[in-house]
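Remarks on the structure that follows.
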Amino acid sequence: MKLKWRAICLTLSAAMLFAWSPAFAADDYIRWVDFTPTYSVMRQALRYDLESYGQEVHLDWIELLAALAAQTGGRFPDKASPALDKIARRLQAGELMEDITGEQKYYVYYLEAYQAVLDGLVGEYYDADGVLCYGLKGFCPLAAGYGFSHYEDFGNARSFGFKRVHLGNDLMGAVGTPVIAVEDGVVEALGWNRYGGWRVGIRSGNGRRYYYYAHLRRGHPYVKTLKEGDTVKAGDVIGYLGMTGYSDREDVNNITTPHLHFGLQLIFDESQKESNSEIWVDVYELVELLGLNRAKVTRDEGAEDYRRAGGAAGNELSVFVPQDRQADAGLETRERIPLPIVMYHSLYAHPASPSPYVLPPSMFEQDVRWLLEHGYTPVSVQSVLEYREYGTKLPEKPVMLTFDDGFYNYLTDLLPIVEKYEVPVLVNVVGSFTETAAADDDKHPAYSYLDWQDLQELTAEGWVELGNHSYAMHQKKPRLGASRIQGETIEAYKANLSRDTGMMQQLLREKLGIESRVYAYPYGAVSGESKAILHEMGYEMLLNCGEYPNFITREPDSLMALGRYNRDSRLTTEAFMEKLLSGYTE
């Protein structure tokens, strides 16, 4: 069954990939993914990654898998691949990945697809003894010490309610086995579903992955304090294995065999979240890999729940970070400071039509007053960077207020409020908008942008900092924001992003004498190579549009993928603040 279903998937994906490629270039997101890397090859690629970590040539395991997929059309052997060894040797000898994959049409597709599945599962973490490690940090969905079995069942037939295929992997075990969060994320769904019974849906920090845990235990399906909007950490206990589901009535056991249904949905565009365009991937081989990292748990008698026991224990797919890096990082970097970030756009009292991106100035003032009255302190980019670099103390409850695009009404409506309450804000400016405004005498607060003289006035008193929001990438076509276009080589993408970013850097330097260290992705659009390119250009804080909590540390990458909550004008101040801060409750 495993080989038959995989063969069908490969045939379908090849056909759909070829039919869909032109549409991808226009619509800027992937619509179909077959995740077919086997456990053996993933482990082989990850071993290369670990052994080269901290060396001059670091072999990224996801890039290795994508390069092999591009060669083989997504076909992976059930044992270590000599072809992958050859790719690794060529890279170690000094060849570039774009030279190796230059003639392989779908390398970019496989890279983005596999990054969507895997990019949160490997990285730096502290083990139980406080030692900085690098390696597999995603967890098996079931706790250590509890046996389970599973088999390749993705695509099998299901008939309750209607005929359909099985879009996950069933992990058979004992009722009550603690269910574990695979990685950090936000609880996006919690409750009863007629098919999945009691279930939990958790969205990853970058928004690309949606983990689905179903058929949880009757009577006590979740950790009792868990609720929608909560932030969970990798390794946390979230619920308990059971056999609920296949019923319109709640809390009914209609599943014959106790098991956890574990599914993974990929989301490249929000239209895919709950639609006929959903992308669910086969996680059987991935569960095999995650089985090498299982969270230990202990029973909390007072709450009648289990919780994670201590820090990560380390696993065979991890290595210690070299001592010089340990000294640079320092154990104080384990401190995690909550940093909510608000993303505002235009401030205007009388828009022609209601818009979630146009907020009356009076509502912004209400937001500021609410934050101050509830003990929150707006902080500047500079103060956050000084904390990361030098350990300079931040206030007890910091929050960042950011404004995108550079509207003229920031001068007329934002600046007076900022000066009145003495709160710092960050304005992310689009160079082409500013250049156009400089050549235009029209100064209407509803639609005009700030010119260079306006920006000088806006920043004169020091309450407003400026960020780079691109020179001319704030557009949806031909590329979506700063993302990579399908078929664009890595070198071409690096040149294009560097050129655009550099133009804005130069303008900020020449016109205003500013060296900005923060970059806000236009439309929040980002590609796997973006962070490294921007960091190389001197950017130390990267802002996107994903609505998820931030917990910052003094680690080097701590500020390189910060989420922001869009200030929707349709919400009251109280409702928006509840949404903004819900992920920071312990």
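The values are calculated or read from the model by the stated rules, or taken from the named source; none is laboratory data. Keep in mind the model is a prediction, meaning the values are calculated, not measured. Methodologically, a virtual Cβ is constructed for each residue, glycine included, from the backbone with ideal geometry; neighbour enumeration extends over all protein chains shown. These area figures cover heavy atoms from the full protein model, side chains too; ligands, DNA and RNA do not enter into them. Shrake-Rupley method; radii C 1.70, N 1.55, O 1.52, S 1.80 Å.
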So the check is Cβ under 6 Å with 6+ separation or different chains; which pairs have a first residue in the range 352-379 that's under 17 Å from GLU419 (Cα atoms) and a second one that's open to solvent by less than 30 Å² (accessible area, probe 1.4 Å) and hydroxyl-bearing (Ser, Thr, Tyr)? GLN366/THR573; ASP367/THR573; TRP370/THR573
Please name all residue pairs, on different chains or six or more residues apart, with Cβ atoms under 9 Å, provided the first residue is in the range 512-525 and is over 20 Å from PHE268 (Cβ atoms) and in a helix (DSSP H, G or I) and the second residue is open to solvent by less than 40 Å² (accessible area, probe 1.4 Å) and of a type outside the set (Lys, Arg). LEU512/TRP452; LEU512/LEU455; LEU512/THR459; LEU512/LEU466
Could you tell me which numbered condition GLN55 fails, if it satisfies all but one of (1) in a helix (DSSP H, G or I); (2) polar (S, T, N, Q); (3) open to solvent by 40 Å² or more (accessible area, probe 1.4 Å)? (1)
Filter result (open to solvent by less than 20 Å² (accessible area, probe 1.4 Å) and either at pLDDT below 90 or in a loop (DSSP other than H, G, I, E, B) (or both)) within the range 530-543: SER530, TYR539
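Taking ARG208, is it among the basic types (Lys, Arg) and surrounded by 16 or more Cβ atoms within 10 Å (Cβ to Cβ)?
yes
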Selection status of ARG43, at pLDDT 95 or above and open to solvent by 40 Å² or more (accessible area, probe 1.4 Å): yes
Could you go through the range 249-270 and let me know if any residue there is open to solvent by less than 20 Å² (accessible area, probe 1.4 Å), assigned to a loop (DSSP other than H, G, I, E, B), closer than 18 Å to GLY168 by Cβ and not charged (D, E, K, R). yes
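Would you mind finding the one in MET503, MET473 that is under 18 Å from SER432 (Cβ atoms), open to solvent by 50 Å² or more (accessible area, probe 1.4 Å) and of a type in the set (A, V, I, L, M)?
Going through MET503, MET473 in turn, the sole match is MET503.
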Within the range 124-158, which residues are in contact (Cβ under 8 Å) with a residue 60 or more places away in the chain and in a strand (DSSP E or B)? GLU124, TYR125, TYR126, ASP127, LEU132, CYS133, TYR134, GLY135, LEU136, LEU142, HIS150
Given the options ALA295, ALA303, name the one that is more than 24 Å from ARG158 (Cα to Cα), exposed (fewer than 14 other Cβ atoms within 10 Å of the Cβ) and of a type in the set (Gly, Ala, Ser). ALA303
When residues of the range 238-248 are limited to those that are open to solvent by 30 Å² or more (accessible area, probe 1.4 Å) and not charged (D, E, K, R), the one modelled with the highest pLDDT: MET243
Of (1) more than 19 Å from TYR284 (Cβ to Cβ); (2) modelled with pLDDT of 95 or more, TYR134 fails just (2)
In the range 544-586, what residues are of a type outside the set (D, E, K, R), open to solvent by 40 Å² or more (accessible area, probe 1.4 Å) and farther than 21 Å from VAL186 by Cα? PRO556, THR572
